[in-house]
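Q: Can you read through this structure? Questions will come right after.
The numbers here are math on the coordinates, done by the rules we state, and not lab data. All of these numbers come straight from a predicted model, not from anything done at the bench. Here Cβ is always computed from backbone atoms with ideal geometry, including for glycine, and neighbour counts include all displayed protein chains.
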Amino acid sequence: MYEVEMRSFILFISTFLIFASCQEKRLNLKDELAFVSSIKFNDSYLNKGVVNRPPRVWVELLRYDNGQNIRKCLIFKTPYKDEKGVLKLVDLKQKKCSTFEKGEVIFDGLEELKVQLSSKGQNGRKSYLVLRYGVGEQQQSYEIPLLNYVKRKSFQKYDNQLDIGFIDELSFGKVLAIKTIADGNVCYGVNSECKVVIDNECDKCQSGFYEVVDFNCPGGGSKFCGAIECGKRNQPACPRGYQILDSKLPSLCFDGSPAGLCEAGLRTFCNEDKILICI
Amino acid sequence: MKKTPILIIVLILTALVGYYFYNPSYFIEKKAKKTSNVDFLAEVGDELAYIWKNADLAGGKECFVHTEEFVDDSFYQCNPDFISCLLDRGLLKVTHQGQRLRLYSNIDGYHYVQRPTHREFLFQLIYGKDNVFEVRFKDTCREVYVPQRFYPFLLNNRDVTVEWDNFDKNIFVDKYLVRNWEALLWAKKVKNNEVLAKLKGRLPYEYVTNLNPQEMKSYCNFQGKKILSARLLDAISIHPEDIVNPKSRLFRAPYYPWSRKNSETILFKIQKNLSVENLESEKENLCHQVYSQDCLNRKLRHYTTWNSSWLGAYDIMGGPLEYVYNEINPRENIKLSSVYFPWKSKVHRTGIRGYWDGEGLSKVNFDFGKFNSINKESDFQVAFRCMRLR
């Protein structure tokens, strides 16, 4: 009799602990992601239906940087036959998700997981990460409002300078450090074939950035972090714009080029770095 | 046998504790309140943002602390001191799950945080007994986009036009000239005691008019911006000939920021000695647009939206002199349209500029060119604004 009671007791406690730990982890994922501003989704799985290929393999769903030197990946082990899927958080080390580390299991026993970035609210400004899982009536969804996630705006007349956010005017949570680029470094680079060789990260410049006249590229010339007084002697010429010239020349950097503005009395000159300066 | 009742009690207690945790909704809500404000913030954020950007409390003006005669309501939009006042007076309320909650500040005031693309103000708020959360209000009210198109840049007091374009470039300008409260925030942040001394005792909503060019530059650079260039001043103040077509190459620059037809404006009629109907009654409005020497008997109303240019920038004509960075002609680095000249003077036209050496604020520090006949020797006011590339 005593043994039976003891067994029931242990069973009850075990069930309760398992359930409580499951709920706890769910909440962690929401707390973990809701305040993050820098998330990189894996386009192979985002909004692409059920994540099931290749089977029984850990796949990366997203990676993020929480601004406090914590970089993690949300990875998913795809199901195979009776083996259900597992969702877990692991560290991002040397730009790779450590799939074989223990990590923190968020959900297990998952069937038919779908990962969606859904937009709600006025003009679809509010981004939610939605995890749908389960089959038929058992289907459930788990929504995480991405409170600090921003999307680049295509600016129009009367717009302010900010991107589209969950709520444009607000950020939430503590102030997190942002990696900035020091003055003098290139923050956007193009080559002579107008190929982007350095992605645009000029929003990370400490004190703004400036553009120089180099190649005749649709997106403009290369950009450097810092503040200069363009147009002055030995300084880069001030870009005059590309369409106004209507030029088909591959490079706008040549002596006397009209693509840059200089102070009266100075003229444009293409220096050895192929940047138009004023002399 | 003695152990059985103890076991039963333990089982009942366990069941109760189990129910407490097993009920998922109760568990989630309880935990959410204690450890996470995610759902709460997602719900009340819009309301907070609305109050922040509109300074609208359904007509309540308790925190409009400056006389309406001197400052327009738009001063309070995206204004951290306004939010602070609301919190101090218990006037900031939000609706959460159908209930009105009163928010208070959990810290003294707020923290100014400078981001590369914007500035924000961190408040730590509290509702109920111990529900604390952090929210950062972004300044979304003080920069405006410069549409991509062809523009004229006027030199030699309108004699020369340089054509340029900003296609594929995102440029923003400050909507208003920089005000004392903004410079004060920066000077405190960077601990610039010289500037702090210069700003001491100045009214928050008035123009910053006593910084030197280096200080102006530092103020702008700190925010990832630079001092407005003369060609951008032209871009924001010269009404395009064909506003609909950004690729229009019509570069005739109208004299006044509000219309492409000069003859339609009162200022043109005054400058041409033409008769103006009801001039006295028109003066009030004209002073809001161009606060000139003719307006000295009236109060200057700051942050007025009467003087908006075609793209939504303000403080375009009149008021203080405005310092700009002239890429081609450094001898044309101040906008002359100001309170120092009557409407009759042609300085109140787009593209008319003079020179300031930046060394002082006496007449000897300026060259007003052909408009030099001015009966003032010192204490000139030079304001400025910044621009940003994105």
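Q: Once Rh is set to the Kirkwood radius over Cα pairs, what Stokes-Einstein translational diffusion coefficient, in µm²/s, holds for chain A at a temperature of 20 °C and a viscosity of 1.002 mPa s?
A: D, rounded to a whole number, is 93 µm²/s.
Q: Within 10 Å of each candidate Cβ there may be at most 12 other Cβ atoms; applying that plus a DSSP loop requirement, which trypsin sites (Lys or Arg not before Pro) in the range B:117-202 survive? List each step's numbers first, then the result.
A: On the way: sites: B:R119, B:K129, B:R136, B:K138, B:R142, B:R149, B:R158, B:K169, B:K175, B:R179, B:K188, B:K189, B:K191, B:K198, B:K200, B:R202; in loops: B:K129, B:R142, B:R149, B:R158, B:K169, B:K175, B:K191, B:K200, B:R202.
Filter output for the range B:117-202: B:K129, B:K191, B:K200.
Q: I've got another one for you. If you bin the C-alpha pair distances of the protein assembly as shown every 20 Å from 0, what whole percents do you get?
A: Result, from short to long distances: 16, 42, 29, 10, 3, 0 percent.
Q: Quick one: among B:L92, B:L311, B:L250, which has the greatest mean-square fluctuation in a GNM of chain B with alpha-carbon springs under 10 angstrom?
A: Highest fluctuation among the options: B:L250.
Q: B:G60: net charge of surrounding residues, Cβ under 13 Å, Lys/Arg +1, Asp/Glu -1, itself excluded?
A: It works out to a net charge of 0.
Q: If I take every Cα pair under 8 Å that is 6 or more residues apart in chain B, average their sequence separation and divide by the length, what percent do I get for the relative contact order?
A: Computed over chain B, the figure is 16 percent.
Q: Rg and Dmax in Å for the range B:36-94, alpha carbons only: what are they?
A: 12.5, 45
Q: Something else: How compact is chain B by the rule of thumb for globular proteins, expressed as Cα Rg over 2.2 N^0.38 Å? Can you show the working numbers first?
A: Numbers: Rg = 27.4 Å, N = 390, 2.2 N^0.38 = 21.2 Å.
The reported ratio for this selection is 1.29.
Q: Taking B:K376 as the anchor, which aspartates and glutamates have their alpha carbon closer than 18 Å to its alpha carbon, excluding any fewer than eight residues away along the same chain?
A: Straight-line reach from B:K376, under 18 Å: B:D294, B:E322, B:D357, B:E359, B:D367.
Q: Percent of Cα-Cα pairs per 10 Å bin, from 0 to the last occupied bin, for the range B:345-390, please list those.
A: 21, 50, 22, 6, 0
Q: Now for a separate question. Straight-line reach from A:K126: which lysines have a Cα under 16 Å away, not including same-chain ones fewer than 8 places off?
A: Those lysines meeting the cut-off are A:K30, A:K151, A:K153.
Q: Quick one: which of A:161-173, A:60-72 comes out on top by average Cβ neighbours within 10 Å, and what's the full order, highest first?
A: A:161-173, A:60-72
Q: Is there a pair in A:K40/A:K72; B:K169/B:K226; A:K95/A:K179; A:K223/B:K226; B:K247/B:K335; B:K138/B:K225 whose C-alpha atoms are over 18 Å apart, and which pairs would that be? Mind showing how you got there, number by number?
A: On the way: A:K40/A:K72 11 Å; B:K169/B:K226 16 Å; A:K95/A:K179 16 Å; A:K223/B:K226 15 Å; B:K247/B:K335 27 Å; B:K138/B:K225 16 Å.
With Cα atoms farther than 18 Å apart: B:K247/B:K335.
Q: Nearest 500 deg cm²/dmol is fine: what mean residue ellipticity at 222 nm does chain B get from its DSSP H runs of n ≥ 4 alone, each adding -39,500 (n - 2.57), divided by its residue count?
A: Taking each H run of at least 4 residues, the total per residue is -8500 deg cm²/dmol.
Q: Let me have the relative contact order for the range B:191-316, percent, based on Cα pairs under 8 Å that are six or more residues apart.
A: 20
Q: In nm, give the distance between the simple-model label positions of B:N156 and B:Q214, each being 7 Å from the Cα along the Cα-to-Cβ direction.
A: Going from the B:N156 label point to the B:Q214 one covers 3.4 nm.
Q: Using 7 Å Cα-to-Cβ label points, what is the A:D108/B:R100 separation (nm, one decimal)?
A: Rounded to a tenth, the inter-label distance reads 5.1 nm.
Q: Loop-only GluC sites (Glu not before Pro) in the range B:263-311, please: DSSP not H, G, I, E or B, and at most 15 other Cβ atoms within 10 Å. Show your work: numbers first, answer last.
A: Details: sites: B:E264, B:E277, B:E280, B:E282, B:E284; in loops: B:E277.
Counting only loop positions with at most 15 other Cβ atoms within 10 Å, the GluC sites (Glu not before Pro) in the range B:263-311 are B:E277.
Q: Next question, about the same structure. Over the residues of the range A:67-138, compute the C-alpha Rg and express it relative to 2.2 N^0.38 Å. Working shown, then result.
A: Details: Rg = 14.9 Å, N = 72, 2.2 N^0.38 = 11.2 Å.
Working it through for the range A:67-138, the quotient is 1.33.
Q: Note the full-extension length gain between A:K40 and A:V196 as 0.36 nm times their separation in residues minus their Cα-Cα distance, in nm to one decimal. Each step should come with its number before you reach the end.
A: Details: separation 156, 0.36 × 156 = 56.16 nm, distance 2.00 nm.
Full extension of this stretch gives 54.2 nm more.
Q: Ok, one more. Determine the dipole magnitude for the range A:89-195: charges of +1 sit on the beta-carbon of Lys and Arg, -1 on that of Asp and Glu, nothing else is charged, the reference point is the Cα centre, and the result goes in debye to the nearest 20.
A: Details: 16 positive and 14 negative charges, 77 e Å.
With Lys and Arg at +1 and Asp and Glu at -1, about 360 debye.
Q: Can you tell me how much longer the chain between A:S118 and A:V175 gets when fully stretched, taken as 0.36 nm per residue apart minus their C-alpha distance, in nm with one decimal?
A: 17.9 nm
Q: What is the range B:126-273's relative contact order, in percent, from Cα pairs under 8 angstrom and six or more apart in sequence?
A: 20 percent.
Q: While we're on this one: Tell me the net charge near A:S192. Cut-off is 15 Å between Cβ atoms, A:S192 excluded, with +1 for each Lys or Arg and -1 for each Asp or Glu.
A: Local charge sum for A:S192: -1.
Q: Assuming R0 = 41 Å, can you tell me the calculated FRET efficiency for the pair B:V244 and B:S373, based on Cβ-Cβ distance, to the nearest 0.05?
A: 0.50
Q: Wrap a convex hull around the Cα atoms of the range B:80-140, take a quarter of its surface area, and give that in square nanometres.
A: Computing the convex hull of the Cα atoms and averaging its projections yields 4.6 nm².
Q: Quick check: Cα centre of the range B:127-182 to Cα centre of the range A:186-221, how many Å?
A: Distance between centres, Cα-based: 21 Å.
Q: Percent of Cα-Cα pairs per 10 Å bin, from 0 to the last occupied bin, for the range B:265-312, please list those.
A: Each 10 Å bin holds this share of Cα pairs: 24, 52, 23, 1.
Q: Would you mind calculating the gained length between B:L274 and B:F64 on full extension (0.36 nm times residue separation, minus the Cα-Cα distance), in nm to one decimal? Write down the numbers at each step before the final one.
A: Working: separation 210, 0.36 × 210 = 75.60 nm, distance 4.14 nm.
Between B:L274 and B:F64, full extension yields an extra 71.5 nm.
Q: Could you work out [θ]222 nm for chain A from helices alone, using -39500 (n - 2.57) per DSSP H run of at least four and dividing by all its residues? Round to the nearest 500 deg cm²/dmol. Let's see the in-between values first.
A: Values: 1 runs with 33 residues, N = 279.
Value at 222 nm, helices only, nearest 500: -4500 deg cm²/dmol.
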